[in-house]
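Taking it in order: structure first as structure tokens, then the write-up.
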Amino acid sequence: MPETSALHTWNALPASARRALARGSVGRDHLVGLSAGLLALAASGDAAHRPRLAALIQDLLVSAWAANPLDGDLARLCAGQPWPGWPRLPENVADTLKAVANFWRPAPAADPWQTLRDNAERRAMLQARLEAEPKNLFWKAEAWAFAWPRADWPLADAALRPESWPRTLAPVRLQAQAQALLARGEAADALGALDGLGAFFPGGSPGLRAECLLRLGREAEAVDELSHAVARAPWRSSEVLRLSDLLDGAATETRPVPGGVAVLLYTWNKARELDETLHSLAASEFQGARLWVLDNGSADATPEVLGGWQARLGGALSVLRLPVNIGAPAARNWLLSLPEVRSREFVVFLDDDVSLPADWLGRLGAAAVRFPEASVWGCRVVDEANALVVQSVDYVPQAPDNGDGQPMSLPALHQGQPDLGQFTYLRPCVSVTGCCHLLRTADIERTGGFDIRFSPSQYDDLERDLRVFLGGGHAVYQGHLVVGHKRSSGQQAERSPAEIGNATANTHKLLTKHPASELARLCLEGEELLERDLERRLRRLADALPGN
């Protein structure tokens, strides 16, 4: 088959860019890091290739700035001219970048803000600084970074009040306003802000605009927006993923899991959360699946909760009770050892503190039908209290380039940005979260269960996924399934010293269980898996993209 123009443009990118962008074209640090690598490549390579690389670097940086419009450091990078002949930005954009530099005044190292940790005190200081320095873009950026993970919209509004902004920064405020409006669920107003902005940002914000349109039920317009964006810039891999799923039906598809299903939970001293989890499970489209719950030696009201649910669900629920907590991996293996569980073609593991949508099992079924060769299928996990905060997406470990001596690291594209549709796609990967994942029973027989050396908990699911991949299998991420997790992550999470110590120890176990050469192979083959999937999508999009 002849290459499409979009695929030809994609394949003309440097190999390092294709590897990085196959992971996604979002994430501030991801795009800045890629730009730095390409800048070094341009400086050391053939001068004839510099103009093409310079244009790509500028596109990447401007895209990162459009997604983080309050970031003065990003604006400074966009305004840079690393060598003579660097492509010029439109005059209005260049003028705005100069204005950003003028109004970006970071707090010095000795400022109390730099060491303040109490959230109430931090919020009070942000409010005070916004009032004392209303035109300082730094405090607006800090306020937004504090506000969105907590859904603190009064603080966000204080940062975005029009009267506190210099006129020269009007495009920056409108872009930030559009993001804030969409984050709080006001898609029509967000789209209005983007319309008011016009074509200020070169390349625009196609993902943001498409999400507004989709929430308003205007799918055809969203497809058109994404199609033109991908045709102009095939490096926008996140838009490629979103567009291809919209066109081939993956975005809305639900299917029965192709075989009998055992749903498995283990729990310890979370009676309230377990009760809420079982409420959402019972209210969902269960597809005749059977449920097993292992009580891992709980000392709270868990037995009473489970007794109540047995009375409601009857034979659909089986309960096992252990006298002590044997840890997560051993609990998983205990459930997997039950003959009735092993007789089913698939098993689902659920955490005991999740909130499930009605179609959760149908979404996993659709992923299993589309990727029948896979061994594990998982989902997107967000904070239940604030769905803007993404906890887990698809994972393909990467070989670190920071010289810290670790054989691999997990990408963090989803961290530091609100979920505004960037991770709504279905694709193969190396690992998915064990918070809600579907496994094929026959593959468990071949690969083995969960390693009890990762007791009491943490990374036993990831370690098994790595084992599956090293053995020739892979996982699938169903980003159209969103599961709420009752325990917060990131800035909102509180971890005890024991939990931190356990996570640190299990990280060490994870990174030393397999030889470094095997982990390097895993990183490389994982990236190749993503590249093959993206190339397949670009070929299938041939007739949909303008100009092809």
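Points to keep in mind about this one:
- Some residue of the range 281-304 being of a type in the set (Asp, Glu), touching a helix residue (DSSP H, G or I) at 6+ places or on another chain (Cβ under 7 Å) and at pLDDT below 95: yes
- Failed item, numbered, when Val390 is tested on (1) touching a residue at least 60 places away in the same chain (Cβ under 8 Å); (2) closer than 20 Å to Asp461 by Cβ; (3) out of contact with any helix residue (DSSP H, G or I) (no Cβ under 6 Å at 6 or more places or on another chain): (1)
- Qualifying residue in the range 129-146 (condition: more than 27 Å from Phe201 (Cα to Cα) and either in contact with a Pro (Cβ under 6 Å, 6 or more places away or on another chain) or surrounded by fewer than 19 Cβ atoms within 10 Å (Cβ to Cβ) (or both)): yes
- Ala366 vs. criteria touching a Leu at 6+ places or on another chain (Cβ under 9 Å) and among the small types (Gly, Ala, Ser): yes
- Residues of the range 214-228 classified as touching a residue at least 24 places away in the same chain (Cβ under 8 Å), closer than 22 Å to Leu388 by Cβ and hydrophobic (A, V, I, L, M, F, W, C), total: 3
- Checking each residue in the range 335-365 for being assigned to a helix (DSSP H, G or I), open to solvent by 40 Å² or more (accessible area, probe 1.4 Å) and either polar (S, T, N, Q) or touching a residue at least 60 places away in the same chain (Cβ under 8 Å) (or both) picks out Glu340, Arg342.
- Comparison of Asp533, Asp465 shows that the only residue that is buried (at least 22 other Cβ atoms within 10 Å of the Cβ) and in a helix (DSSP H, G or I) is Asp465.
- Criterion violated by Ala67 - all others in (1) closer than 26 Å to Glu525 by Cβ; (2) of a type in the set (Gly, Ala, Ser); (3) touching a residue at least 24 places away in the same chain (Cβ under 8 Å); (4) open to solvent by 50 Å² or more (accessible area, probe 1.4 Å) satisfied: (1)
- Residue that is farthest from the chain's Cα centre (by Cα) [pool: residues in the range 71-89 that are part of a helix (DSSP H, G or I) and more than 23 Å from Phe146 (Cα to Cα)]: Ala79
- The set of residues from the range 212-228 being within 24 Å of Gly185 (Cα to Cα) and open to solvent by less than 20 Å² (accessible area, probe 1.4 Å) comprises Cys212, Leu213, Ala222, Leu226.
- Selection status of Ala110, part of a loop (DSSP other than H, G, I, E, B), of a type in the set (Gly, Ala, Ser) and either at pLDDT below 95 or exposed (fewer than 13 other Cβ atoms within 10 Å of the Cβ) (or both): yes
- Taking every residue in the range 432-444 that is farther than 14 Å from Asp461 by Cα and pairing it with any residue that is among the basic types (Lys, Arg), at least 6 positions away or on another chain, the pairs with Cβ-Cβ distances below 7 Å are Thr441/Arg342; Thr441/Arg344.
- Residue within the range 148-166 that is part of a helix (DSSP H, G or I), of a type in the set (D, E, K, R) and under 18 Å from Thr96 (Cβ atoms) present: no
- Pairs with Cβ under 9 Å, 6+ apart, first in the range 130-155 and free of Cβ contacts under 8 Å to residues at least 60 places away in the same chain, second acidic (Asp, Glu) and not in a helix (DSSP H, G or I): Trp139/Glu133; Ala143/Asp152; Phe146/Asp152
- When Leu247, Leu265, Leu278, Leu243 are checked against the criterion of being farther than 30 Å from Leu545 by Cα and touching a residue at least 40 places away in the same chain (Cβ under 8 Å), a single residue qualifies: Leu265.
- Restricted to the range 90-105, and to residues there that are open to solvent by less than 70 Å² (accessible area, probe 1.4 Å) and not in a helix (DSSP H, G or I), the residue that is modelled with the highest pLDDT is Trp104.
- For Val483, the conditions (1) more than 22 Å from the chain's Cα centre (by Cα); (2) surrounded by 20 or more Cβ atoms within 10 Å (Cβ to Cβ) are fulfilled apart from (1).
- Cβ pairs under 8 Å, 6+ apart, first in the range 71-94 and over 14 Å from Gln58 (Cβ atoms), second modelled with pLDDT of 95 or more and surrounded by fewer than 12 Cβ atoms within 10 Å (Cβ to Cβ): none
The values are calculated or read from the model by the stated rules, or taken from the named source; none is laboratory data. Just so we're clear, the structure is a prediction, and the values are computed from it rather than from any experiment. Virtual Cβ from ideal backbone geometry, glycine too; neighbours counted across all protein chains shown. Side chains included, ligands, DNA and RNA excluded: accessible areas come from the protein's heavy atoms. Shrake-Rupley method; radii C 1.70, N 1.55, O 1.52, S 1.80 Å.
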